[in-house]
Amino acid sequence: MASVVRRASSDSPYLRDESKITGDADEIFVPETEEDVVKTVEEHFSEGRPLTISGMRTGMCGGCVPFGGDVLTTERLNKIIGIGKDSNGYYVRLQPAVTVRELNEVLRKRSYSNLQNITEDAVGDLLNEGTDFFYPVDPTELNSSLGGNIAANSSGPRTLKYGPTRNWVRRIRAVLPDGGIIDVKRGDIKADGRLFRFKTDKRELEVPLPSYEYNMNVKNSTGIMARDGMDIVDLFIGSEGMFGVLTEADLYISKWHPLISNIFFFPDNGSAYSFVKDIQKSGMEPEFIEYFDSGSLDLIRAARKRDPKMNQMPDVPEDAGSAVFMDFPIDGALMRKYMEIGELSEANGGSLENSWCGHELRDRERFFGFRHSVPQTIFEYVAGLKGEDPEIHKMGTDMSVPLDNLDRMMDIYSETLERYGLDHVTFGHIGNGHLHVEIILKDMEDLEKAKNAYRELAVKAIELGGSPSAEHGIGKIKREYIELMYGNKGAEEIRRTKEAIDPKWILCPGNMVER
Amino acid sequence: MRFVVFVKQVPDTSSVGTDENGNLMREGVPSILNPYCEFALDMACRVKGEGDIISVVTMGPPQAESALFRCLELGADEAFLLTDRAFAGADVYATAKTLSAFLKKFIPDHDLLFCGRQAMDGDTAQVPAELASMMGCGQFYYTEDLVFSDGWKAVQNYYDEERECALKKGDLISVSKGETDPRLPSVADYIRASGTEIKKLDRVDIGLGTFSVGLKGSKTRITSSRPVSISRRGILTDGGDPTEAAKHIKGMVR
Ligand SMILES: Cc1cc2nc3c(=O)[nH]c(=O)nc-3n(C[C@H](O)[C@H](O)[C@H](O)COP(=O)(O)OP(=O)(O)OC[C@H]3O[C@@H](n4cnc5c(N)ncnc54)[C@H](O)[C@@H]3O)c2cc1C
């Protein structure tokens with residue numbers, strides 16, 4: 001069956017993502033099979049026509065937003081194919097548009113009846129396992145596609161314990177810009193120093209890699225990965241659709257264990273941060289540590305006033321001026337941890353009483369809804385402003401620094417933003433040295449100020465050994481960070497890699513670097 | 001005051017899906033405390049004063065312990081699980097019989113009884129009334145609030161009429177309204193609940209014979225059951241051209 005083609009009207013959802021920038025395109029291709037993808041890509045290749053790949057469009061940097069040419073949406077490539085097992089454990093083979101939520105639901109309900117055995121008896125074996133399994137990377141936005149997650153090397157709160165998407169990819173299958181197919185699992189093809197040599201069913205390729213040192217010490221999604229002797233699977237992970245359309249992947253899954261979610265409230269920002277440092281020193285290893293400053297709690301309060309059903313949580317306690325969100329396994333050590341947390345929270349103005357906890361699935365989902373409601377509220381706020389001025393877009397940092405430098409970076413955030421006179425809220429993955437600082441823009445003037453402030457902050461984050469884009473990628477709105485981090489030379493080298501795989505620059509042109 | 005709250009564990013209907021044949025898929029569906037029972041417990045917690053005791057009781061399989069744990073987290077002081085293989089298959093009558101026998105033997109001196117209006121799975125709403133009749137106490141359905149002025153008063157909502165009824169010691173109320181967003185326990189509540197033993201009682205402890213409980217003690221005899229489907233007239237618009245089809249549908253909706 002041929003791909004459905006739709007005309008892109010100017011208000012088509014395929015022209016934007018959660019960065020709220022809007023592009024333009026002529027046609028939307030909706031392939032139903034890999035052959036459809038090959039055909040569409042080949043046609044575009046022969047005409048040298050741009051083709052931007054679109055997943056669920058939850059990205060935050062405009063990676064799937066087209067600027068000219070056409071769009072290929074993966075939305076109908078949405079099947080979970082089967083289950084396999086190798087020496088690293090079970091994995092799920094799936095098409096790219098399966099969402100994180102869908103995968104976890106199938107795993108939780110063990111609804112495997114339509115799934116193939118990728119290796120002998122894998123489905124039956126998984127069914128007979130005493131424990132449940134889950135896919136542990138939680139990009140907060142559970143409606144994002146796993147193809148998009150791989151293309152963006154998504155991470156999230158759980159990265160503290162489980163690492164980013166990269167750590168869970170076993171194999172990928174992709175249609176390259178000329179329509180050739182590459183189907184590789186880890187270990188199949190390694191770079192010779194900084195050069196890949198490999199064959200597709202169409203041609204032989206020689207692909208040089210950038211010479212920069214890709215920072216793996218912090219959460220990092222700035223630029224393509226480049227390391228001596230690296231695996232080719234890693235070249236595709238986090239490449240933002242520049243090198244091929246992912247049509248299939250194998251993702252490992254992990255044993256699930258019962259967890260309890262906790263939110264502890266504190267009087268002010270400083271006390272919550274000091275509590276976090278105490279927790280980190282204690283060695284108790286929560287699954288993740290998330291932070292909400294007073295501004296974030298105020299945003300939630302205000303949003304709940306407008307819509308009491310918003311996150312299905314009780315009202316935030318009136319005296320709460322900040323909060324820390326952590327998950328712990330429910331095991332023999334839990335009570336001992338709680339006793340210690342009791343002391344640490346009291347030392348910082350909190351208490352075991354002034355907290356929420358939940359271990360039933362529905363409650364844990366409410367906690368995650370609460371977490372998600374902070375960025376969501378900001379998106380809605382910005383979307384509202386956009387009505388007044390279409391140029392306005394969300395301005396949030398996504399910078400990580402090594403934990404030892406987090407103190408310094410927190411000071412830099414407040415000092416810089418105060419100097420520019422910008423209102424902001426801070427929340428996010430404090431356990432990874434990775435906070436989101438969101439500027440509450442009031443007008444276009446603020447937008448200009450914010451751009452300058454962000455550039456300053458990005459330079460500082462890099463100086464402190466961090467990354468200016470820790471998890472949201474570069475896409476089209478953060479391209480300047482590539483040069484900030486890797487210089488002109490690094491940007492030029494990414495272009496060279498792109499050129500070697502995509503000589504006509506048809507796939508997702510404009511992501512990370514311009515031609 | 002001694003308050004007793006009767007609760008039930010039910011499948012979380014909000015996450016029950018149906019398969020392609022329309023059958024409920026219960027696999028992987030978590031069990032939760034029946035929301036109406038949570039309302040009843042919340043009400044008891046709201047009126048609880050210094051020195052008052054809230055006891056929660058459920059008849060159910062061993063797994064029902066988790067529903068009682070939630071009650072302890074949310075403020076109950078003690079919990080009883082009535083569990084016995086012979087209790088299986090109980091209808092509303094046998095259930096009320098078991099609960100009343102427990103109450104007479106273990107908490108004979110109680111001030112108020114609380115039930116949820118109905119269980120989300122069975123939906124009969126019969127147990128509270130039968131329990132009240134076996135206990136010989138008054139029963140107050142559709143209670144939405146409980147106030148204390150010159151004794152306890154139940155505020156009942158009969159849709160066309162709101163009533164305030166005086167309660168006597170030992171009366172039963174069935175609660176039909178509560179918070180839309182359920183409360184969350186604090187870590188301190190969780191720790192307290194974890195340290196509270198859930199007391200398990202079987203048929204012998206309660207003092208009932210096999211013919212009084214479970215399937216054997218039930219009055220209801222289901223002789224057959226069949227699925228009934230509500231018939232809706234489906235119209236298939238098969239125009240080929242989507243624009244034409246859309247126009248057609250728009251015309252019908254109008
Ligand atoms: C409220 C909110 C919170 C978020 N929090 C986080 C977070 O904590 N961590 C995080 O990492 N992200 C976060 N995100 C961002 C987003 O969810 C991820 O970036 C996600 O991976 C994007 O998936 P998608 O399917 O929406 O992809 P899209 O946005 O559609 O595309 C993302 C990129 O991947 C490419 N792409 C998509 N599918 C394919 C494919 N099959 N083959 C090749 N390339 C493809 C696109 O061209 C584009 O460059 C958040 C988003 C929202 C809205």
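The values are calculated or read from the model by the stated rules, or taken from the named source; none is laboratory data. In this text, all values refer to a predicted model and were calculated from it rather than measured experimentally. With ideal geometry, Cβ positions are generated from the backbone for all residues, glycine too; neighbour counts draw on all protein chains shown. These area figures cover heavy atoms from the full protein model, side chains too; ligands, DNA and RNA do not enter into them. Shrake-Rupley method; radii C 1.70, N 1.55, O 1.52, S 1.80 Å.
Only one of the numbered conditions (1) open to solvent by less than 20 Å² (accessible area, probe 1.4 Å); (2) without any contact (Cβ under 8 Å) to a residue 12 or more places away in the chain is not met by residue B:193, and that is (2).
Out of all the residues in region A:58-68, is one or more more than 10 Å from the ligand (Cβ to nearest atom) and either modelled with pLDDT of 95 or more or of a type in the set (Asp, Glu) (or both)? Yes; the residues of region A:58-68 include at least one that is more than 10 Å from the ligand (Cβ to nearest atom) and either modelled with pLDDT of 95 or more or of a type in the set (Asp, Glu) (or both). Residues in region B:55-82 that are open to solvent by 30 Å² or more (accessible area, probe 1.4 Å) and assigned to a loop (DSSP other than H, G, I, E, B): 2 in all.
Residue A:100 meets all of the listed conditions (1) surrounded by fewer than 23 Cβ atoms within 10 Å (Cβ to Cβ); (2) out of contact with any strand residue (DSSP E or B) (no Cβ under 6 Å at 6 or more places or on another chain); (3) within 29 Å of residue A:187 (Cα to Cα) but one, namely (1). Residues in region A:110-131 that are within 14 Å of chain B (Cβ to nearest Cβ), open to solvent by 40 Å² or more (accessible area, probe 1.4 Å) and not acidic (Asp, Glu): A:110, A:111, A:113, A:114, A:127, A:131. Among the residues of region A:345-374, the one identified as open to solvent by 30 Å² or more (accessible area, probe 1.4 Å), of a type in the set (A, V, I, L, M) and within 12 Å of chain B (Cβ to nearest Cβ) is A:361. Residues in region A:21-30: is at least one over 25 Å from residue A:382 (Cα atoms) and over 26 Å from the mean Cα position of the chain (by Cα)? So far as region A:21-30 goes, yes, one or more of its residues are over 25 Å from residue A:382 (Cα atoms) and over 26 Å from the mean Cα position of the chain (by Cα).
Among the residues of region A:245-255, those that are within 13 Å of the ligand (Cβ to nearest atom) and open to solvent by 10 Å² or more (accessible area, probe 1.4 Å) comprise A:246, A:248.
Among the residues of region A:485-502, the ones that are away from the ligand (no atom under 16 Å from the Cβ) and surrounded by 19 or more Cβ atoms within 10 Å (Cβ to Cβ) come to 5 in all.
Here is the figure for region A:41-57: residues that are crowded, with 17+ Cβ neighbours inside 10 Å and either more than 13 Å from the ligand (Cβ to nearest atom) or more than 16 Å from residue A:25 (Cα to Cα) (or both) total 3. Listed conditions (1) surrounded by fewer than 20 Cβ atoms within 10 Å (Cβ to Cβ); (2) farther than 30 Å from residue A:477 by Cβ are all met by residue A:91, apart from (1). The sole residue among A:422, A:441 that is over 24 Å from residue A:22 (Cα atoms), at pLDDT below 95 and part of a loop (DSSP other than H, G, I, E, B) is A:422.
Of the residues making up region A:323-333, those that are surrounded by 15 or more Cβ atoms within 10 Å (Cβ to Cβ) and within 11 Å of chain B (Cβ to nearest Cβ) are A:326, A:328. Restricting to region A:133-168, and then to whatever is β-branched (Val, Ile, Thr) and over 16 Å from residue A:250 (Cα atoms), can you tell me which residue is surrounded by the most Cβ atoms within 10 Å (Cβ to Cβ)? Looking at the filtered set, the residue picked out is A:159. Consider region A:284-316 and keep the residues that are over 23 Å from residue A:381 (Cα atoms) and modelled with pLDDT of 90 or more. The one that is surrounded by the fewest Cβ atoms within 10 Å (Cβ to Cβ) is A:284. Taken together, the criteria place residue A:227 among residues that are at pLDDT 95 or above, surrounded by fewer than 19 Cβ atoms within 10 Å (Cβ to Cβ) and away from every other protein chain (no Cβ under 14 Å). For region B:85-99, the criterion of being open to solvent by 50 Å² or more (accessible area, probe 1.4 Å), touching a strand residue (DSSP E or B) at 6+ places or on another chain (Cβ under 7 Å) and modelled with pLDDT under 95 is satisfied by no residue at all. Quick check, is residue A:463 surrounded by 17 or more Cβ atoms within 10 Å (Cβ to Cβ), among the acidic types (Asp, Glu), more than 14 Å from the ligand (Cβ to nearest atom) and more than 14 Å from every other protein chain (Cβ to nearest Cβ)? When the stated conditions are applied, residue A:463 does not pass them.
The rows are residues; the columns are (1) within 16 Å of the ligand (Cβ to nearest atom); (2) touching a residue at least 12 places away in the same chain (Cβ under 8 Å); (3) not assigned by TED's automatic domain parsing to the domain that holds residue A:272.
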residue	(1), (2), (3)
A:394	yes, yes, no
A:414	no, no, no
A:420	no, yes, no
A:427	yes, yes, no
A:431	yes, yes, no
A:435	yes, yes, no
A:438	yes, yes, no
A:454	no, yes, no
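Can you say whether residue A:449 is under 22 Å from residue A:435 (Cα atoms) and either open to solvent by 50 Å² or more (accessible area, probe 1.4 Å) or assigned by TED's automatic domain parsing to the domain that holds residue A:246 (or both), as far as the supplied structure shows? In short, yes. If you go through region B:210-228 one residue at a time, do you hit one that is more than 14 Å from chain A (Cβ to nearest Cβ), without any contact (Cβ under 8 Å) to a residue 40 or more places away in the chain, within 17 Å of the chain's Cα centre (by Cα) and under 21 Å from residue B:90 (Cα atoms)? There is no residue in region B:210-228 that is more than 14 Å from chain A (Cβ to nearest Cβ), without any contact (Cβ under 8 Å) to a residue 40 or more places away in the chain, within 17 Å of the chain's Cα centre (by Cα) and under 21 Å from residue B:90 (Cα atoms). How many of the residues in region B:210-254 are β-branched (Val, Ile, Thr) and farther than 30 Å from residue B:61 by Cβ? Within region B:210-254, residues that are β-branched (Val, Ile, Thr) and farther than 30 Å from residue B:61 by Cβ number 6. Strands (runs of 3 or more DSSP E) fully within region A:129-203 that include at least 3 residues being within 15 Å of the ligand (Cβ to nearest atom) and more than 22 Å from residue A:364 (Cα to Cα): A:169-175, A:181-185.
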